[in-house]
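Please treat every number below as a calculation from the coordinates, not as lab data. Everything numeric here is computed off the predicted structure, so don't read it as measured data. Quick reminder, even Gly has a Cβ in these numbers, built from the backbone with ideal geometry, and neighbours come from all protein chains shown.
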Amino acid sequence: MDLRFEDFLAPVDGERLADHVTNSWSWFAPIAELSPIGITRFGDVLLRDRDGAIYFLDTAFGILEKVGATQEAFRARLPELARAMLRVDLVRELEAHGVTLAHGQCYGFGLSPLLGGPVTCANVSPLDAGVVLAWLGQLVRSTVPMAEGHPIRVSSLGRRRREPSYGSLTKHARDRSSFAVIEPAATTPRA
């Protein structure tokens, strides 16, 4: 796959990204000691720890995973991770239809996949990245105590009011089980 990682990052300034993450996800304790370094076109956040390890925050589901012990290790894994992590196929399809991002935007789902929304172009729009991160942070935080399959009711607050739809909560992310780095078990020398 011919892939330039930077082509799948949203055009959001680092300082603004840090503010958005702090304002929207400060409740999520696992990221307290991490610094945001990038945001994907679908609003997922890449973070780095003090030792240089790279983490991926799947903002649609509130899942944080270590994806590389270093930035170089992460980039080496990119070919295996790109399709699901960066939603490469969906980005390319949107761009083929002329749906692109302005500065400060990322793609957002009209109905979040967490709530059963389809992962299709028809359910995606370019939105302000701060709005997307705030909405997903609130949504994930509110669903933490709910179990998979919990019944939900979704209402539209837009100009064209629709009847509420009903479904169930989905807590499995994307089309993969995990992006996490599998670290070798520590061994202790024998005496």
Gain in span if fully extended, residue 72 to residue 22, counting 0.36 nm per residue against the direct Cα distance: 15.4 nm
Residue-span extension gain [residue 83 to residue 121] - 0.36 nm each, minus C-alpha spacing: 12.1 nm
Rotationally averaged projected area of region 43-103 (alpha carbon convex hull; nm²): 5.1
Burial order of peptide ranges 41-54, 98-111 (average beta-carbon count within 10 Å, highest first): 41-54, 98-111
Reciprocal of mean inverse Cα separation for region 5-168 (Kirkwood radius, Å): 16.6
For residue 103, net neighbour charge (Lys/Arg +1, Asp/Glu -1) across residues whose Cβ lies under 11 Å away: -1
Burial ordering of 39, 31, fewest other beta-carbon atoms within 10 Å first: 31, 39
Rough spin-label spacing in nm, given labels placed 7 Å along Cα→Cβ, for residue 92 and residue 5: 2.0
Sites residue 111 and residue 33 - FRET efficiency at Förster radius 30 Å, r taken between beta-carbons, to 0.05: 0.35
